[in-house]
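Here's the structure we're looking at; comments come further down.
Just so you know, all these numbers are worked out from the coordinates, no wet-lab data involved. As the structure is a prediction and not an experimental result, all values here were calculated from the model. FYI the Cβ positions are ideal-geometry reconstructions off the backbone, even for glycines, and counts take in every protein chain you see.
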């Protein structure tokens with residue numbers, strides 16, 4: 001690792017400026033013709049059905065340049081199509097790392113900002129957009145501007161979480177922190193929902209130790225594991241347990257954690273290389289990869305996971321999922337709830353859906369700008385059942401400072417109408433309990449329901465002010481669309497073949 005400053009690469013900056021100029025001209029051309037257009041990034045980490053028309057799209061696949069890493073200022077200047085693994089690889093050369101790194105290596109910097117990106121460090125830093133200092137964005141008129149919390153702040157905060165519907169982001173300055181070689185990870189077994197929520201809440205309040213990462217996995221209503229991570233270069237014991245999760249013979253992270261929970265009732269500590277920790281859920285996409293084995297009635301063991309490992313990383317799995325249409329039969333939702341109502345939400349999932357495992361990840365909400373699209377979160381106090389004696393009680397009022405994200409990923413009904421009904425019921429429960437859903441997944445709300453959660457007046461004013469009316473609206477982008485084709489074993493094989501071949505042809509309209 002180098003400690004010297006990396007200055008701006010003039011050649012890369014020149015390439016960037018030229019590419020932005022071409023892009024701006026293309027956008028201005030669309031504007032003059034009053035044509036709507038979409039932005040093509042070359043890949044997707046969304047489960048929404050997405051198709052592009054070549055003559056009505058902007059191609060940002062080449063915007064993958066890391067233009068600067070400044071060690072003194074601890075910042076990286078990057079284009080939007082830089083994926084997490086490439087950003088981490090580049091910054092680690094200077095012993096730096098972004099404070100928030102999304103768990104899937106293919107998620108891009110631009111996607112993390114314009115979408116919704118959070119991870120186990122988000123209890124400290126908030127969503128990914130909170131570690132971005134400023135953005136360069138081309139408005140729908142073709143004008144290139146810079147936006148930050150002090151320069152065009154309404155555009156800066158509005159662009160975060162609005163899925164590219166205010167303009168086309170072309171450059172971002174990302175904050176960095178000092179990196180360490182390992183994450184010291186403590187696993188604590190819990191035996192109830194109450195205990196799981198209490199452990200997370202207490203860890204966020206912990207003053208005696210520095211915690212960098214917090215997340216949890218519930219394997220059932222009465223069994224789970226809470227993980228607390230600390231960046232470190234040193235081992236506390238002479239014989240430390242060092243564990244890796246990136247090699248094809250390594251265990252999937254969630255299976256390893258489950259095994260530890262069965263073997264140990266007391267907390268267990270391991271040391272994980274930093275990159276292995278950051279992308280620990282990549283192999284198997286948390287645990288959703290297991291459903292592929294079940295769907296094809298294939299044995300699920302260490303040997304089959306080893307042999308099929310190239311297809312079981314998230315980049316390949318998203319490709320197979322979207323081509324096969326299986327995303328329309330599996331519930332894949334992240335839902336952020338106030339601490340005061342999250343237990344009731346998990347009880348609902350347990351009783352009505354029976355989906356496990358569930359992922360738990362606390363999120364910091366330090367201002368109105370922290371909430372994507374100004375979503376209305378929190379419910380009135382007379383509905384609350386906060387945990388006494390913990391910080392959870394302050395999280396269940398109208399403007400909670402922290403939310404607990406619940407990742408609900410599992411099989412749903414195979415009949416489309418029933419599948420939509422289950423998702424709508426899930427969305428309704430989230431609204432009832434004062435939470436909001438992440439919009440990388442299909443949204444089954446009616447337009448009226450959608451805008452009862454998100455701030456339409458504020459959003460439309462921004463669209464009007466910055467000339468973005470010719471871009472698709474955020475509701476147009478995220479609303480559920482019908483999969484045109486049969487979803488069966490044949491479509492599943494088609495998805496596998498698409499993942500093997502690679503490429504992006506499946507994203508274009510035929």
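Quick check on the chain: of the DSSP beta bridges with both residues there, what percent are antiparallel, nearest 5%?
The antiparallel proportion sits near 90 percent.
Label residue 414 and residue 306 with points 7 Å out from Cα along Cα→Cβ: what is the distance between them in nm?
Calculated label separation equals 3.2 nm.
Assuming R0 = 41 Å, can you tell me the calculated FRET efficiency for the pair residue 14 and residue 465, based on Cβ-Cβ distance, to the nearest 0.05?
0.80
As a test of the definition: which semi-axes, in Å, follow for the chain when you take the square root of five times each eigenvalue of its alpha carbon gyration tensor? Largest first, please.
Equivalent ellipsoid of the chain: 33, 27, 25 Å, largest first.
At 25 °C and a viscosity of 0.890 mPa s, what translational diffusion coefficient does Stokes-Einstein give for the stretch 408-487, taking Rh as the Kirkwood radius over Cα pairs? Give it in µm²/s as a whole number.
Translational D for this selection: 171 µm²/s.
Computed over the Cα atoms, what is the radius of gyration of the stretch 51-146 divided by 2.2 N^0.38 Å, N being its residue count?
Computed over Cα atoms of the stretch 51-146, the ratio equals 1.14.
How would you classify the stretch 285-364 from its alpha-carbon gyration tensor, with a ≥ b ≥ c the square roots of the eigenvalues: rounded for a/c under 1.5, else prolate if a/b is greater than b/c, otherwise oblate?
Prolate shape, in that a/c is at least 1.5 and a/b is the bigger ratio.
Given Cα pairs under 8 Å that are at least 6 residues apart, what percent is the relative contact order of the chain?
18
Can you give me the orientation-averaged projected area of the convex hull built on the Cα atoms of the stretch 10-178, in nm²?
9.9
Based on the Cβ-Cβ distance of residue 348 and residue 38, what FRET efficiency does E = 1/(1 + (r/R0)^6) give at R0 = 30 Å, to the nearest 0.05?
0.25
List, largest first, the extents of the alpha carbons of the stretch 127-239 along their principal axes, each in whole Å.
57, 36, 23
Using only the Cα atoms of the stretch 184-287, build the gyration tensor, take square roots of its eigenvalues as a ≥ b ≥ c, and label the shape rounded, prolate or oblate: rounded if a/c is under 1.5, else prolate if a/b is larger than b/c, else oblate.
Verdict is oblate for the stretch 184-287.
Please say if the stretch 85-136 is rounded, prolate or oblate, where rounded means a/c under 1.5 for a ≥ b ≥ c the square roots of the C-alpha gyration tensor eigenvalues, and otherwise the choice is prolate for a/b larger than b/c and oblate otherwise?
Rounded is the answer for the stretch 85-136, as its axis ratio a/c remains below 1.5.
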